[in-house]
Structures are given as structure tokens and as C-alpha cells.
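Here the structure is laid out as C-alpha cells; the discussion comes afterwards.
The values are calculated or read from the model by the stated rules, or taken from the named source; none is laboratory data. On a predicted model such as this, the values are computed, not experimentally measured, just so you know. Please note: Cβ atoms are built from the backbone with ideal geometry, for glycine as well, and neighbour counts cover all protein chains shown. Just the protein is used for accessible areas: all its heavy atoms, side chains included, with ligands, DNA and RNA removed. Shrake-Rupley method; radii C 1.70, N 1.55, O 1.52, S 1.80 Å.
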Amino acid sequence: SHGAPWWKEAVVYQIYPRSFNDTNGDGIGDLNGITAKLDYLKTLGVDTIWLSPHFDSPNADNGYDIRDYRKVMSEFGNMDDFDRMLAEMKRRGMRLIIDLVVNHSSDEHQWFVESRKSKDNPYRDYYIWRDGKNGGAPNNYPSFFGGSAWEKDEATGQYYLHYFAKKQPDLNWENPKVRNEVYDVMRFWLDKGVSGFRMDVIPFISKQDGLPDLSPENLAHPEFVYANGPRVHQYLQEMNREVLSHYDALTVGEAFGITFEQAPLFTDARRRELDMIFHFDLVRLDRDGWRKKDWTLPELKAAYAQIDRTGGSHGWNTSFLTNHDNPRTVSHFGDDSPKWRAISAKALATMMLTQRATPFLYQGDELGMTNYPFRGIEDYDDVEVKGQWHDFVESGKVSAEEYLSHLRQTSRDNARTPMQWSAAANGGFTTGKPWLAVNPNYVQINAASQVDESGSIYNHYRRLMEVRRQTPALIHGEFRDLDPTNPKVFAYTRTLDDKRYLVLINFTHETVAYDLPEGLKIATTLLDNGAVQQQVLPGATGVSLQPWQATIYEL
Ligand code: ISL
Ligand code: CA
């Protein structure tokens, strides 16, 4: 419709395969487990799936460390399972996008195994090797997972660069051979029938000329330097020319380190780079690294408005409230206490599915899954946590108690606990021992109890997607925040041609009287999240909003 590319009208669902559905009892989700749940996803109403890495990997970072880009991770199955999964998606009219992790590979990738052997190995320049300086690393770059971003390698005495774990050496994109290898990998999967890529930390691929030290200010947030290499746009335009322009694919870049001002450089369609990016400003609104800070509704609204502006008339955006790197949506922006969990989860779903952007849902959010009740450090699995524990707690900089109190709310593991399918043991995720503990609240919060219950969170998501599909203004319409400084209510309109919709969301536990700005009148209610006690009458110019009420009106 409207001649728009399919990916503007898509609703994407992210699967973290390790935690989705285990079919062989080894405690690890697998591709057959995804295939078995496609009807569940189809009924929910998503049409595109983003699969977190499914490639052969030693799992130093749960698949974000790839050993072989053309092979399926053995724990997840094999290529036949992949082909069957993809065919079953297509049969249901669904598309698949996969995770392209090419800023770095695994240190067990054949390229790196060769590269580290000697300075004159033909693969040496596939990675970034430097001599040490003054008996230490070549520069002061920190790794996101703790310590230096440089690791000294015994075979040659040189250091290699790794922005993430030392088992994730950064590829050298300056080398045209590396770029061509990546393009070949992309063609391999596109030719199989995948419909695009989510690109992991893609702004980091071009490194600073001469690799100078970071300034003291930049040391705390190295992503803003790592994301600003001199040739990132040249590489992305080349990738587009060489590969993407030959396919009808969706590309979404994980824009870690990219500011609002820079965003259009990646997403302005006239530049032929990416279709959209994930901004960090909203999901990291209340964060400083592992530290949790307070947030206010006007700040959240400002982030939405700024994201919308970066789309401009030549770009497009994503709408998402979590992923496998962030806490659970309802625990983060809503209220996960028993009284408010369902209604606030539905309010947030309403917000996220009525933006001028492609929505990306994360597995389990459609059930209102919550953060995990972590106790000690031994409850965590994440490689990032291990590095931070070493750098902050073991070093004596921060007490274990202080670190853990923040981590409970900010840990990536919150989103990685297994899907809660039913009230059966382990939430029906596995018949074996789950690789990461299932949230004990699976007894109350699970798919089986929600799919057939019309008032459930799951069914609210389903209705929202239905309404979105039938209402072009909710996809393409202009976005206007009516009341950016209101600390309790998010009120915005979506307008396309002569159609105008109003979304009102009450972010508090109180009833709030909300008067519409001069001249606006409600015509009908399109959808609400179940909080209303009385329908508003046509012609109303104000609404008494119930706690966590979220309603879409036609004006
Ligand atoms: O913010 C972060 C760093 O402190 C992390 O949550 C995360 O590493 C960052 O957002 C980049 O994420 C992506 O690349 C990582 C991988 O661990 C993440 O899972 C992935 O989404 C390295 O591949
Ligand atoms: Ca399994």
C-alpha cells in the first residue's frame, strides 16, 4: 500500500534462539524449536523475524562471536533445519532477517587461526595487529567487556584489537579482501532466501587513522569514537552497491555510538547505505554503563520526538523498547508489580506500535515477561558482567552490593532467560536443564494462559498489530507530540491526508483528567488497553484517563 517498501509496514519479532524453545532436551533453544512455534507467531501477527546469531560459534558471547559464517551452530541444529525453518516461514507469508556480525569474528574463525600464526601469513591483514608501546598496549582503548581492547599474542609478540571480548578480534575493513569475504557471506544467505540483516555494531567497522589514544572524556564512552571512523560511510555505500542493491532486503544497523545528528548519514535513502538504525537514546535513557539512573516521561518523549525527526522525509526509523541487551520492557518503563504489570505492559505496547517506524518486538514482551530476581553474581551468565565484575568490584572501585543493586535492573541476562510457554516445569521451554534459569514467575506469566484469553497482553499486541495494518496513518502518518512537557501523559497525533488519530497514554497510577488542545475533538475509540471504565462520547474534548490507560482515538 502507498507504494511503500515492505519493511516500512513490517512488524519484526526478535528471536534469541538460545532462549526460545528447546526440542531435544539439552536445555538450549534450537531452530526446530522456532519452526514449532511459527503458528504462535503468525497468530500474534508478526510478519518478519529477526534471528539473533545462528552461526557456528564457541559462544564466548552467545553467538556474537562467529567461527564459521556459513554453518549453523551445532547446538541449534544444522543447515537442513535452517532450510526447513525458512521454508515454513515462507509458507506462512513470513520473512526472515538474520544477524550480520562482521565488526569482529571469533578468535576460532579460520581467518584468525591463520592470522595469528605469523606476521607474513596471508590472513595477517584480516585483523588489526600492532606492536606494543612502552611495554604495554598500542593505545589506551578499553574493551566494552572489561580491560584493554588489545591482547598480546604469544606467537608474534604483537597485539590484536578487540572492542569486545578477547575472543572477538576486530576484522580489518581496510583490507578489500575482508570486505569481499563479508559481501560473499551476505550473498550466500540472501541467495538462500533471507530478507535482510540486522547489522551488529556496524558503525564500528572503520577504525581511526593511526589509532591515537582516547581523551580522558572519551574513555568513559569510547563508542562515540569507535563509531566515527573515517571510512564507515564509504564501506556501507560499497556494501550497498555490491550486494544490497541487487536484492529486496531490509537492513537495520545497530547504531551504538551514533548521535541523532549523525543518524541521517546512515539512513537517508538518497545516500544508499542502510534502511534504518537502532538508536540507543531511548533504551539507554536512564543508564550510565551498568548504572541505573532515574528517568522522566518528558525525557522519554523527547527521545521519541528526536528519533522521529532524524527519519525526516528521506529516512525511516525503528521502534523498540528492549532486545537481548536490555532489561525487560515492563520492568524498565512500566510497573512489573502484580497489580500493574499487565495494564502497563499493554500501555507500552500501544506506544511502541503507534510510532512512525518499524516496530521490533522482543520475544516474551508479548507476554509481559519481567526482569529476573537475581541474587548473587553467580546467577549471571553474561560475558559483559564477568568483565565488569573484574574491573569495578574486584579492583575495589565499587562495592559488590552497589554493583549488584544496579545490575539487577540493567543486566542483559534479564532479557535472556528462557521463554515462558506454559506452567509446566521450566515454563515448557525445555524438558532438560535450561542453560539459564527460567524466571520462577512462569507459573503465572506464560503463553498458554494468554493465547486464548481475550484480555491478555498477548491479545492486546495482536489487536494493536491488526489495527496498525489496517490504519496507514499509524504507520506512515506524521507524528506530533501535543504536550512534550506533561510529566504524566504521553499525548500524540498521527496524521495522514485527512485521517487523524490521537494516542493518549497515562504513565501514572492515578486517574488524570486530560483536556485536548484547542480545536481537537474525539470521533471514536479505535482501541484501548482495557483500563477504561466508560467509553468517551463522540465530540469529547477531554478524557478522564484511568491509571496506565492507553487509548487510540480517531479524531
Ligand atoms: O551497551 C553495551 C556495551 O556496554 C552492550 O549492551 C552491547 O555490547 C552493545 O550494545 C553492542 O551490542 C552488540 O554487539 C555485542 C554483543 O555482545 C551484543 O549482544 C550485540 O547486540 C558484540 O557483538
Ligand atoms: Ca536444544
Which of the residues that make up the range 59-103 are in contact with a helix residue (DSSP H, G or I) (Cβ under 8 Å, 6 or more places away or on another chain), within 16 Å of ligand 1 (Cβ to nearest atom) and in contact (Cβ under 8 Å) with a residue 60 or more places away in the chain?
Ala60, Asp61, Asn62, Tyr69, Ile98, Leu100, Val102, Asn103
Test result for Ala155, in a helix (DSSP H, G or I) and open to solvent by 20 Å² or more (accessible area, probe 1.4 Å):
no
Out of Phe188, Phe197, Phe204, Phe224, report the one residue that is in contact (Cβ under 8 Å) with a residue 24 or more places away in the chain, part of a helix (DSSP H, G or I), open to solvent by less than 10 Å² (accessible area, probe 1.4 Å) and hydrophobic (A, V, I, L, M, F, W, C).
Phe204
Enumeration of residues in the range 452-475 that are part of a helix (DSSP H, G or I) and open to solvent by 40 Å² or more (accessible area, probe 1.4 Å):
Arg462, Arg463, Glu466, Arg469, Gln470, Pro472
Pair list, Cβ < 7 Å and 6+ apart or interchain, from the range 534-546 residues that are open to solvent by 40 Å² or more (accessible area, probe 1.4 Å) to residues that are not β-branched (Val, Ile, Thr):
Pro538/Ala523; Thr541/Asp515; Thr541/Leu516; Thr541/Leu520; Thr541/Lys521; Ser544/Ala513
Regarding Ala303, is this residue under 19 Å from the mean Cα position of the chain (by Cα), among the aliphatic types (A, V, I, L, M) and within 30 Å of Val398 (Cβ to Cβ)?
yes
Scanning the range 405-429 for residues that are of a type in the set (S, T, N, Q) and open to solvent by 10 Å² or more (accessible area, probe 1.4 Å), which turns out farthest from Phe144 (Cα to Cα)?
Ser422
Are any of the residues in the range 438-451 open to solvent by less than 10 Å² (accessible area, probe 1.4 Å), in contact with a Leu (Cβ under 9 Å, 6 or more places away or on another chain), away from ligand 2 (no atom under 16 Å from the Cβ) and not in a loop (DSSP other than H, G, I, E, B)?
no
Give all pairs with beta carbons closer than 6 Å in which a residue from the range 467-481 that is free of Cβ contacts under 8 Å to residues at least 60 places away in the same chain meets a residue that is open to solvent by 10 Å² or more (accessible area, probe 1.4 Å) and among the aromatic types (Phe, Trp, Tyr); count only pairs at least 6 apart in sequence or on separate chains.
Ala473/Tyr501
Could you tell me whether the range 185-194 includes any residue that is of a type outside the set (A, V, I, L, M, F, W, C) and within 23 Å of the chain's Cα centre (by Cα)?
yes
Answer with yes or no whether Asp39 is more than 16 Å from ligand 2 (Cβ to nearest atom) and within 19 Å of the chain's Cα centre (by Cα).
no
Does Lys167 satisfy the condition of being closer than 26 Å to Trp50 by Cα, open to solvent by 10 Å² or more (accessible area, probe 1.4 Å), among the basic types (Lys, Arg) and part of a loop (DSSP other than H, G, I, E, B)?
yes
When the residues of the range 42-69 are filtered to those that are within 24 Å of Asp452 (Cβ to Cβ) and either touching a strand residue (DSSP E or B) at 6+ places or on another chain (Cβ under 9 Å) or among the aliphatic types (A, V, I, L, M) (or both), which remaining residue is farthest from ligand 2 (Cβ to nearest atom)?
Asp47
Is it the case, given these coordinates, that Arg130 is open to solvent by 10 Å² or more (accessible area, probe 1.4 Å), basic (Lys, Arg) and closer than 18 Å to Val232 by Cα?
no
Could you please let me know if Pro487 is over 14 Å from Glu554 (Cβ atoms), loosely packed, with under 15 Cβ neighbours inside 10 Å and either of a type in the set (A, V, I, L, M) or in contact with a helix residue (DSSP H, G or I) (Cβ under 6 Å, 6 or more places away or on another chain) (or both)?
yes
Looking at this structure, is Leu51 away from ligand 1 (no atom under 14 Å from the Cβ) and in contact (Cβ under 8 Å) with a residue 24 or more places away in the chain?
no
Please work out which residue is most open to solvent (accessible area, probe 1.4 Å), limiting yourself to the range 227-251 and to residues that are more than 20 Å from Glu181 (Cα to Cα) and of a type outside the set (Gly, Ala, Ser).
Asp248
For a quick check of your reading: which strands (runs of 3 or more DSSP E) sit entirely within the range 481-524 and have at least 1 residues that are more than 21 Å from Lys346 (Cα to Cα), touching a strand residue (DSSP E or B) at 6+ places or on another chain (Cβ under 9 Å) and not acidic (Asp, Glu)?
489-496, 499-506
Just one of (1) over 24 Å from the mean Cα position of the chain (by Cα); (2) surrounded by 21 or more Cβ atoms within 10 Å (Cβ to Cβ) trips up Glu402, so point out which.
(2)
Those residues of the range 512-533 that are open to solvent by 50 Å² or more (accessible area, probe 1.4 Å) and free of Cβ contacts under 8 Å to residues at least 24 places away in the same chain come to a total of 3
Would you point out the residue of the range 1-26, among those that are more than 16 Å from ligand 1 (Cβ to nearest atom), polar (S, T, N, Q) and touching a residue at least 60 places away in the same chain (Cβ under 8 Å), that is nearest to Pro53 (Cα to Cα)?
Asn21
Please go through the range 113-127 and give me each residue that is touching a residue at least 24 places away in the same chain (Cβ under 8 Å) and either in contact with a Leu (Cβ under 6 Å, 6 or more places away or on another chain) or open to solvent by 30 Å² or more (accessible area, probe 1.4 Å) (or both), ordered by number.
Arg116, Lys117, Ser118, Lys119, Asp125
Tell me yes or no: at least one residue of the range 388-395 is away from ligand 1 (no atom under 16 Å from the Cβ) and out of contact with any Ser or Thr (no Cβ under 8 Å at 6 or more places or on another chain).
yes
